[in-house]
Amino acid sequence: MPKKVRIPTPLRKLTNNEELVEVNAATIGEAIAELQRRFPGIQERLLDDTGAVRRFVNVYVNQEDIRFLQNQQTPVKDGDEISIIPAIAGG
Amino acid sequence: MEKNAGFMKALKCRECGREYPLTATHVCEFDFGPLEVVYDYNRIKQSLIRPVIQSRPQTMWRYRELLPVAGEPTVGFQVGFTPLIKADRLARRLGVRELWVKNDTVNYPSLSFKDRVVSVALSRARELGFTTVACASTGNLANSVAANAAAAGLKAYVFIPADLEQGKVVNSLVYGAEVIGIKGHYDEVNRLCAEIAGKYGWAFVNVNMRPYYAEGSKSMGFEIIEQLGWRVPQHTVVPMASGSLLTKVQKSYQEFTKLGLAPETTYHVHGAQATGCAPISTAQKAGLDFFKPVKPNTIAKSLAIGTPADGFYALKVMKETGGAADDVTDDEVREGIRWLAECEGIFAETAGGVTVGVAKKLIVSGRIPANDSVVLCVTGNGLKTLDAVVGQVGRTREIKPSLREFEALLAHEDRVTA
Ligand SMILES: Cc1ncc(COP(=O)(O)O)c(C=O)c1O
Ligand SMILES: [Zn+2]
């Protein structure tokens, strides 16, 4: 069973408006690479020149921020849900 | 896009500079950078001059050229122009020469600085044709959206962490807003709201309306300058949750200086957090220009944002202005609340306790020199966070309605204090 990635609105132009995309990757880093193969251009939106996740991009695995896990090395298992979400302002 | 955009020119990405039309959109498609309103300062300079400002009603809208609405505001036109108090007694207790309190505990109508951002966001939302508004909130923003939406006849959905103070919850419910309590902390509320905002055609004040919303905070800084007699204070201490208010206070100082409304001067903008949620302060003290997210655990729930969206820019502002950050424990927050109340008769919520407590630390450590002049931004009302201080700020002594009992009580007191 694959893993699901929730695509945020600003990136849906790249995924033909698909909101939920399935990947087979074993880590977050691989998932981003896999998205890039299928939707060219998406990686540079998510990663900066050094390959790090951009500072205004938050990535979650099952609702946990990957910065509390192992960043791009964070493993993903079958059935996991990955969300990509822009930072939002205060409250 | 409307033909008439007032004094606004476009939205612009703070990271890469790409421009976007003035719609309900908040992030750059290329790098997720936040979008910010660009103004036509040349035109503003011609109309926004001191006598014009002074001739207008005493509300935040007297600076309307610098607030992002195209036409006249239609929501919250009585917000702002709260008192700036010369706080001599608190100055003595903190050990600093000159101290002012910008008192947004009495902001209209919902008793926090959030009425500033909300009146802008909802006025703009109406211009863009929205009839339903929403927000993710640590409490005060929810109160303000609920109140201002009610008065404007807009439908409101507010999303809050389920464990907020009762005062904050009731203060949203009473206006008839749909209040959704999320079982989780604010960052989880935020994440959910980012997803909801993408699905429903609502004006989410701090999601798709963020570029407009955030600008409302500048009015606090404009007022401070005007109320100080058209000068920028040497030091300003600002509470930080997402860090947005702090960055906008600096922007207000820059804009007034650029427009010639205040003379050029050196100033320092300092940031205050609670130790139980101090991602920005921790990074500032370590000399870093990025923060590490944290999981909040503090009585200062209004400031409990572990992944602060403007943390990066807040750090930059402190660095550029030679400002510092610090954080205080829950006990120090309560002490700050008490000191402000005892010295100045102002009852602030936990965020106010954070600001006073951090000011004390900055003064004691010399990061604010004792001979300088300081403004404290006190941003919310204490009646909303009674839970945080109940039982910790003295207690009532009960007696029968009998003069003898009262005299016995006083006599006992004399013995104790003698
Ligand atoms: C009373 C109070 N002060 C300050 C803040 C900080 O706001 P910002 O997110 O702009 O840093 C908040 C935010 O919710 C608040 O409720
Ligand atoms: Zn950009």
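So for segment B:158-177 (the condition being within 19 Å of B:Lys218 (Cβ to Cβ), open to solvent by less than 10 Å² (accessible area, probe 1.4 Å) and modelled with pLDDT of 95 or more), does at least one residue qualify? Step through it out loud before you land on a result.
Start the filter on segment B:158-177 by keeping residues that are within 19 Å of B:Lys218 (Cβ to Cβ), which leaves none.
So far as segment B:158-177 goes, no, none of its residues is within 19 Å of B:Lys218 (Cβ to Cβ), open to solvent by less than 10 Å² (accessible area, probe 1.4 Å) and modelled with pLDDT of 95 or more.
The single condition among (1) at the interface with another protein chain (Cβ under 10 Å from one of its Cβ atoms); (2) surrounded by fewer than 18 Cβ atoms within 10 Å (Cβ to Cβ) that A:Ser83 does not satisfy is (2). Scanning segment B:218-235 for residues that are more than 12 Å from B:Ala262 (Cα to Cα) and more than 18 Å from the chain's Cα centre (by Cα) gives a single hit, B:Gln234. From B:Lys45, B:Lys12, grab the single residue that is open to solvent by 10 Å² or more (accessible area, probe 1.4 Å), within 11 Å of ligand 2 (Cβ to nearest atom) and in contact with a Leu (Cβ under 7 Å, 6 or more places away or on another chain). Answer to the selection: B:Lys12.
Take the residues in segment B:351-366 that are open to solvent by less than 10 Å² (accessible area, probe 1.4 Å) and farther than 14 Å from B:Leu90 by Cα, then tell me which one is farthest from the chain's Cα centre (by Cα). Filtering segment B:351-366 for residues that are open to solvent by less than 10 Å² (accessible area, probe 1.4 Å) and farther than 14 Å from B:Leu90 by Cα, the one farthest from the chain's Cα centre (by Cα) comes out as B:Leu362. Selection of first residues in segment A:58-73 that are at the interface with another protein chain (Cβ under 10 Å from one of its Cβ atoms) and of second residues that are open to solvent by 80 Å² or more (accessible area, probe 1.4 Å) and assigned to a loop (DSSP other than H, G, I, E, B), restricted to Cβ pairs under 9 Å at least 6 apart or on distinct chains, gives the following pairs, ordered by first then second residue: A:Arg67/B:Lys292; A:Phe68/B:Lys295. When the helices (runs of 4 or more DSSP H) confined to segment B:1-119 are screened for residues that are of a type in the set (A, V, I, L, M, F, W, C) and more than 14 Å from chain A (Cβ to nearest Cβ), those reaching at least 3 such residues are found at B:88-94. A single member of B:Glu19, B:Glu36, B:Glu2, B:Glu98 is modelled with pLDDT under 95 and open to solvent by 10 Å² or more (accessible area, probe 1.4 Å), and it is B:Glu2.
Do we find that B:Ala278 is crowded, with 24+ Cβ neighbours inside 10 Å and under 30 Å from A:Val53 (Cα atoms) in this structure?
When the stated conditions are applied, B:Ala278 passes them.
Out of the residues in segment B:25-42 that are farther than 21 Å from B:Thr247 by Cα and not polar (S, T, N, Q), which is farthest from ligand 2 (Cβ to nearest atom)? Reasoning before the result, please.
Step one: of segment B:25-42, the residues farther than 21 Å from B:Thr247 by Cα are B:29-30, B:42.
Restricting the remaining residues to those that are not polar (S, T, N, Q) gives B:29-30.
Working: B:Glu29: 8, B:Phe30: 5 Å.
Out of the qualifying residues, it is B:Glu29.
In this structure, does B:Thr82 turn out to be among the hydroxyl-bearing types (Ser, Thr, Tyr), open to solvent by less than 40 Å² (accessible area, probe 1.4 Å) and away from ligand 1 (no atom under 16 Å from the Cβ)? So B:Thr82 does not fit the description; no. Quickly run through segment B:22-33 and pick out the residues that are open to solvent by 10 Å² or more (accessible area, probe 1.4 Å) and either of a type in the set (Val, Ile, Thr) or more than 16 Å from ligand 1 (Cβ to nearest atom) (or both). Those that are open to solvent by 10 Å² or more (accessible area, probe 1.4 Å) and either of a type in the set (Val, Ile, Thr) or more than 16 Å from ligand 1 (Cβ to nearest atom) (or both): B:Thr23, B:Ala24, B:Thr25, B:Glu29, B:Phe30, B:Asp31. The single residue among B:Arg124, B:Arg50, B:Arg116, B:Arg64 that is open to solvent by 60 Å² or more (accessible area, probe 1.4 Å) and either modelled with pLDDT of 95 or more or away from ligand 1 (no atom under 16 Å from the Cβ) (or both) turns out to be B:Arg50.
The values are calculated or read from the model by the stated rules, or taken from the named source; none is laboratory data. Every value quoted in this text rests on a predicted model; they were computed, and no experiment measured them. Cβ sites come from the backbone with ideal geometry, for glycine too, and all protein chains shown count toward neighbours. Only protein heavy atoms, including side chains, enter the accessible area calculation; ligands, DNA and RNA are left aside. Shrake-Rupley method; radii C 1.70, N 1.55, O 1.52, S 1.80 Å.
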